[in-house]
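Student: This is the structure, below, for whatever I ask next.
Bear in mind that the values in this text are calculations on the coordinates, not laboratory data. From a predicted model like this one, the values you see are computed outputs, not experimental measurements. Neighbour counts run over all protein chains shown; Cβ positions are idealised from the backbone, glycine included.
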Amino acid sequence: MLDLFETHRNLILQTLLSLSLTLILYFLRIPIIFLHGLCTYIQPENLAQNNNNGLRAAIRRPSDDQSPKPNNNELRRRNRSKDKSEFDESNAQIFRIKLDEDHLRSRMYFTEYNSLFVVTSLSLSSFLLQNYFSSDNKGGGGLLFPLVLGFISLCKVLVALAKISIERSASKRSEKKLSLIFAGLGFVFGIIISAGVFPRGFDFQLGSVDAFCCVLISFSMACIAGFLYMPAGRSARSFWVGTDQIRSNLSIISCGWFGRMILYVNYIVSVFTSLLWIVPFAEILVKRGGGGGGLVGNVGVSSCDDFGKFRVLCLLLSGLLQAMAVRPNLQMFLNEAVLSWYQRLHGSKTPDLEFSRAKMFLHNHYLCLVALQFVAPSVLVIVFLGLSQIDLGSYAVSRMVCGSLPCSEFVGQVGLLMSWWVVFVWSAFASASLVFYRRGVLYVS
């Protein structure tokens, strides 16, 4: 019995871990707890009739009891304004609701979000067990779990992003056209990198890649670039609102200090990580053999192996920060409807609040859809990075599909390329969107 356990130790541990973690995630409802407590908003139409339930508005104008009594001149002005335009302020009030399990289950794409959360958690735990607690990294049976779970996670997230991209009411037609354009540019970048057109531009050692693998890698990079355009734009909007770049000074819209810190750190780390595989920037951070170079004099990484580990750690940190930023980004997505309500309420004497009412409904309705878009980059980064750290040298059949390089090195380089590409595309789209917001080309309304 002990000999059998030692022979199939990795397989047994992977099976027990997957079963126990699946039960924990489902019975404790961890995917729901991850989104539980987010504040959403509603704007009822007939507040005077529905106010018998004791509801209190999240934002409303001060009552007459709390404000100083007006004089006769002010009363005359108010009477004149009422004669000119009649506007019922009670119908302009909004209410804040904390999302619970019933609210979340009724949203579109909740099933896809729930299953992706579970499979990704299983993949991450399987990668960790294989890399740090496995007795033999080349052990056959246990290696199947991270491979299969990783590919299932990739298929789920890519299929979900494809469904969201073709959803008619989830995005504008212009955004879909831009997604196709950026997908084409991503394919061109894939050809350039995989074929080694500019070897001094990107630090990826893929070896001599045949035409089929080159097209396959380029097509994957094109899909990632096209799918991530709209989520990155939404992330930039959440960053713009959450960090109060518009200087609205509304406490109900901007997030707290911790959420704001997560948004800043996530953006900085993503941009920094995306530059680590660009050769001119990477050479600045690595000391040369003669003692020169480095960031400032002798400051820098002493060897290429240490720099490679540093880049992997930066990718892992970027993926984890993307996951931590999901809740602040989602809350800012919901608060964006409040900002639209506030702008229209103070934009004219007789505001038309139908647009803000519809926007609050749509932001509520597409909550889990947007949650999938915000979770997708962290899933892609972590899964691709996990697949790049798996040693496939024990599988003899895999040598037939890996070109001139050993299969382990080829898969590792492709995994690193895809993981870096996700961070690079996300950072580029988010940075460009923030520049357009700063210049006034784009605006939040």
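Student: Under the 0.36 nm per residue contour assumption, what length would be gained going from the current alpha-carbon distance of VAL148 and ILE252 to full extension?
Tutor: Numbers: separation 104, 0.36 × 104 = 37.44 nm, distance 4.38 nm.
Using 0.36 nm per residue and subtracting the Cα-Cα distance, I get 33.1 nm.
Student: Sort all Cα-Cα distances of segment 219-262 into consecutive 5 angstrom bins from zero, then give the percent of pairs in each bin up to the one containing the longest distance.
Tutor: Result returned by the calculation: 5, 21, 22, 16, 11, 10, 8, 5, 1.
Student: Taking 7 Å along the Cα-to-C-beta vector as the label spot, tell me the THR111-SER169 distance in nanometres, rounded to one decimal.
Tutor: Label-label distance for THR111 and SER169, simple model: 1.9 nm.
Student: Mind listing the Cα extents of segment 88-245 along all three principal axes, in Å, largest one first?
Tutor: 71, 41, 30
Student: Also: Give me the Kirkwood hydrodynamic radius of segment 117-206, using the inverse of the mean 1/r over all pairs of distinct Cα atoms, in Å to one decimal.
Tutor: One decimal place: 16.5 Å for the Kirkwood radius.
Student: List, in order, the whole-Hz ³J(HN,Hα) value for each residue of segment 223-238 obtained from phi through the Karplus relation with A = 6.51, B = -1.76, C = 1.60 and θ = phi - 60°; use x for Gly and Pro.
Tutor: 3J(HN,Hα) across segment 223-238, in whole Hz: 4, 5, 5, x, 6, 8, 5, 5, x, 5, x, 5, 5, 5, 5, 5.
Student: Considering amide H positions built from the backbone, and no H for Pro or chain starts, which residues 5 or more places from PHE202, or on another chain, come under 5 Å of its amide H?
Tutor: Long-range HN contacts for PHE202: VAL279.
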